[in-house]
Amino acid sequence: MRARSFLWRAFVTCVILLAPTACSGPSALNAAFPKQPETRVLFIGNSYTSFNGGLDKGLEALSPSIETERVTADGYTLEDHWNAGNALRRIREGGWSYVVLQEQSQLPVLARQSFLGFARQFDAEIREAGAKTVLLMTWERPDSASAGVNTANLASAYNAVGTELGALVAPAGLAFARSLHDRPDLALYTSDGHPTREGSYLAACVLYGTISRETPVGNRHTGKGLTAETSAYLQQIAADALGF
């Protein structure tokens with residue numbers, strides 16, 4: 001009898017302890033077990049990535065299911081990030097779905113082997129951590145196009161490295177070129193190539209399509225300070241560059 005009484009008291013205690021959660025419905029369960037983001041993206045780059053609040057935050061705004069972080073430093077190359085060690089430490093922490101690599105804006109053309117070498121080293125670490133590499137193709141700078149740092153050569157360098165590594169390439173540079181051809185009145189960057197708000201929004205749309213494999217056209221996030229017409233135009237340009 002004592003054993004039966006002890007079991008009954010234990011059962012009642014369990015019911016009492018579990019009742020608040022069971023009776024309070026999904027909200028309590030969600031509080032106890034908050035929903036984890038479906039996709040986690042780490043950005044590694046320089047001021048091209050961090051300008052205007054950051055491409056990472058632009059991507060989060062386009063897709064709330066994506067959580068991002070970034071490791072950036074003005075003027076940094078992938079070699080600089082490799083030697084500094086912070087980017088490697090964050091990659092090795094794990095839990096990432098994708099890692100976006102943004103090389104210094106001129107280096108893929110002017111020092112292609114360095115770009116390839118450090119992209120290859122980062123890619124090996126990214127794969128080891130269970131994530132996928134995304135190469136962010138940057139755009140032609142007005143102050144260095146004469147040195148051969150133009151859209152065609154940047155695209156060639158990024159696509160070649162992407163093919164060798166089996167990495168995704170986010171063709172922001174191609175989207176910029178298309179917009180500047182069709183709408184030269186719409187400023188996407190400053191004289192040294194840093195993106196305007198419109199440029200950052202366009203790059204974020206390209207990254208959104210690359211990672212989510214969904215068209216950015218019709219996305220409800222229209223970009224901070226941009227008109228609905230401008231946002232819709234840039235969404236379409238990004239979709240065209242991605243082949244949607």
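No lab work stands behind these numbers, since they all come straight from the coordinates. Just so you know, these numbers come straight off a predicted model, no measurement behind them. In this analysis, Cβ positions are derived from the backbone assuming ideal geometry, glycine residues included, and neighbour counts consider all displayed protein chains.
Where helices (runs of 4 or more DSSP H) fall entirely within region 57-149, those with at least 1 residues that are farther than 20 Å from Tyr189 by Cβ, of a type in the set (Gly, Ala, Ser) and free of Cβ contacts under 8 Å to residues at least 24 places away in the same chain are at 78-84, 112-128. Taking the numbered list (1) in contact with a strand residue (DSSP E or B) (Cβ under 8 Å, 6 or more places away or on another chain); (2) in a loop (DSSP other than H, G, I, E, B) in turn, Lys224 passes all entries but (1). Within the set Leu202, Leu186, Leu174, Leu180, the sole residue that is assigned to a loop (DSSP other than H, G, I, E, B) and not β-branched (Val, Ile, Thr) turns out to be Leu186. Within region 169-201, being without any contact (Cβ under 8 Å) to a residue 12 or more places away in the chain and either surrounded by 23 or more Cβ atoms within 10 Å (Cβ to Cβ) or charged (D, E, K, R) (or both) holds for one residue alone: Asp185. Restricting attention to region 205-220 and to residues that are out of contact with any strand residue (DSSP E or B) (no Cβ under 7 Å at 6 or more places or on another chain) and part of a helix (DSSP H, G or I), the residue that is surrounded by the fewest Cβ atoms within 10 Å (Cβ to Cβ) turns out to be Ser212. Screening region 91-146 for residues that are among the small types (Gly, Ala, Ser) and in contact with a Leu (Cβ under 7 Å, 6 or more places away or on another chain) and picking the one that is surrounded by the fewest Cβ atoms within 10 Å (Cβ to Cβ) gives Ser114.
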